[in-house]
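Accompanying notes for the structure given below.
Each value in this text was obtained by applying a stated rule to the coordinates, not by laboratory testing. The shown structure was predicted, so the numbers you read here are calculated from the model rather than taken from an experiment. Ideal geometry is used to build each Cβ from the backbone, glycine not excepted, and the neighbour counts take in all protein chains shown.
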Amino acid sequence: MITIIKGRKISKGVAEGKALVTKNPISFLGDIDPKTGIVVGPNHELCGCSIVGKILVFPMGKGSTVGSYVLYQLKKNGLAPAAIVNKYSEAIVAVGAIISDIPLVDCLEEDPTISIETGDNVRVNGTEGYIEVESWRKQ
Amino acid sequence: MYLTCEEEATLSGEFGTAKQKAMEILVALGDIYGADKLIAVESSQIAGVSYKTIGEAGLEYLTQLNGRVVIPTTLNPMGMDKFKWEELGISADFHAKQMDIIESYERLGINSECTCTPYYKFAPLRGSHISWSESSAVSYANSVLGARTNREGGPSALASALIGKTPNYGYHLDKNRVPTLLIKANFELKDSDYGALGYVVGKIVEANVPSLFFVSIPKNDDLKALGAGMAATGAVALYHINKIVERPVDVIEVERGDLDIYSFEEPDIVAIGCPHCSQSELMKIAKLLEGKTVKKPLWICTSREVAHASPHTVEAIENSGAKVICDTCMVVSPAFEGRKMMVNSGKAFAYGPSLCKSRTSLCTTQGCIDAACSA
């Protein structure tokens, strides 16, 4: 069963993949290694996980605005998430997603870090501003 | 957010991809921050210039950008002095990458004057709207000059430079420029005390707009240091001095004892000029160095503009063995990494340990000169 959750479009494009969900904000500068696409922030709950090709779901970005450029570098290296879903986007991730052509939706009707579980199939429509979620539990 | 026909056309790509992406950035930020429309800005100042800070990620992005800025745009300090880079111990590899970054910016029509004090060359007028990103420059422009800017990121300031506009939110609006907090410093401050105060209160103020009451009368150099400190440990973009607050707000009383962050630890290197020194600060340093010889590296950071305007002062400083360096600073240059550093700046004290992995101690300007001149 697929659930549609409406939100706000921030960065256009459509992409789908398996969700990787965290309740920790992400600082792309520092938390993510742009050469591998792996979370390296030692205090981050996703430390050790790969974000490559995932639908990355997290509350918001934080840290340096260089984080926008890290997202760009990830995309250029073929290691970026397929799309991003935020609770509330802030400037670093919003700008990073736009310059890297990574679909991004935020301000959904429900908290995505609760409604989506790691492993769910998610399709993000950043052009229209909604997501489609298929729970892994029902597969 | 309302867009004019021309803005809509830019968003659709009618004026090329660079402007389209820039417009997408401005529109997204406008939506995030609840702006009603875009407004024209008179200048842009772009952070994210040093290869040490933006690295390969930033370089890759900048080298593929094509376009021309439509408003006067300057850059933040880069990772080295353009001419004295070898003296600073910068590697040829770093130099090459850094120059690639500068050339990418210059290709966009950006003036590659690299300083966090662009207002010494051209000060925005009171009430004018600008799009600046370096946090101490933002603070000075808003608070000392009365111009209006948000704390932009490097990429959003660049987007504003390509379009000539910014979303109308935050500090561009009167309602967000009123004080939301009162700070009373009940003792005389001088010299590095202002930056130290900024460092200490920044964490408490966070993103509020404080109104500070002083016993002593701060000069512009003092306010520059205060704003830089508050912007480094907090997110302060605007403050007022001696402005009465109409409505009830929290009051923070600061005593001399609260500035207990000074320490004297024998440094390997002494660095002054965060933010970049003004002409008057250079003259003060020259006077303190009169008749003295440095026994340790003493680097004085300033803008090329200010250095060119003060040739005799620069010569007087360098007669002591100290070096006046331009285009860079101790925070964004790898030249200062991993060394025990003494500074007179609250902002440099905040960033030294993290960005420079340096054991950093904060001292007065006289204390810094003394440390540099003692064996």
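Quick notes on this structure:
- Tensor-based shape of chain B (alpha-carbon gyration tensor, a/c under 1.5 rounded, otherwise prolate or oblate): oblate
- Antiparallel DSSP beta bridges within chain B, percent to nearest 5: 10 percent
- Across the cross-link table entries B:LYS121/B:LYS323; B:LYS224/B:LYS287; B:LYS284/B:LYS347; A:LYS87/B:LYS175; A:LYS87/B:LYS203, which are compared at the Cα atoms, the separations over 24 Å belong to A:LYS87/B:LYS175; A:LYS87/B:LYS203.
- Secondary structure note: in the protein assembly as shown, about 35% of the DSSP beta bridges are antiparallel.
- Principal-axis tilt of helix A:91-100 within chain A, Cα atoms, nearest 10 degrees: 90 degrees
- Taking amide H positions as modeled 1.01 Å from N, with prolines and chain starts lacking one, the residues under 5 Å from B:VAL236 and 5 or more places away or on another chain are B:ALA231.
- The phi-based Karplus calculation (6.51 cos²θ - 1.76 cosθ + 1.60; θ = phi - 60°) puts the 3J(HN,Hα) values of segment A:49-59 at 7, 9, 9, 4, x, 8, 8, 8, 10, 8, x Hz, whole numbers, x for Gly and Pro.
- As computed over segment B:269-329, the Cα convex hull volume per residue (Å³): 64 Å³
- In Hz, Karplus ³J(HN,Hα) per residue of segment B:40-45 (6.51, -1.76, 1.60; θ = phi - 60°; x = Gly, Pro): 6, 10, 8, 7, 9, 10
- Nearest 10 degrees, 0 to 90: helix A:66-76 Cα axis against chain A principal axis: 70 degrees
- Cα gyration tensor shape of segment B:13-70, rounded if a/c is under 1.5, else prolate or oblate by comparing a/b with b/c: prolate
- Sorted by Cβ neighbour density within 10 Å, fewest at the top, the residues A:ARG137, B:ARG177: A:ARG137, B:ARG177
- Share, in percent, of DSSP beta bridges within segment B:38-170 that are antiparallel, nearest 5: 25 percent
- Placed amide H near B:TRP132: partners under 5 Å, 5+ positions off or other chain: B:GLN45, B:ASN150, B:GLU152
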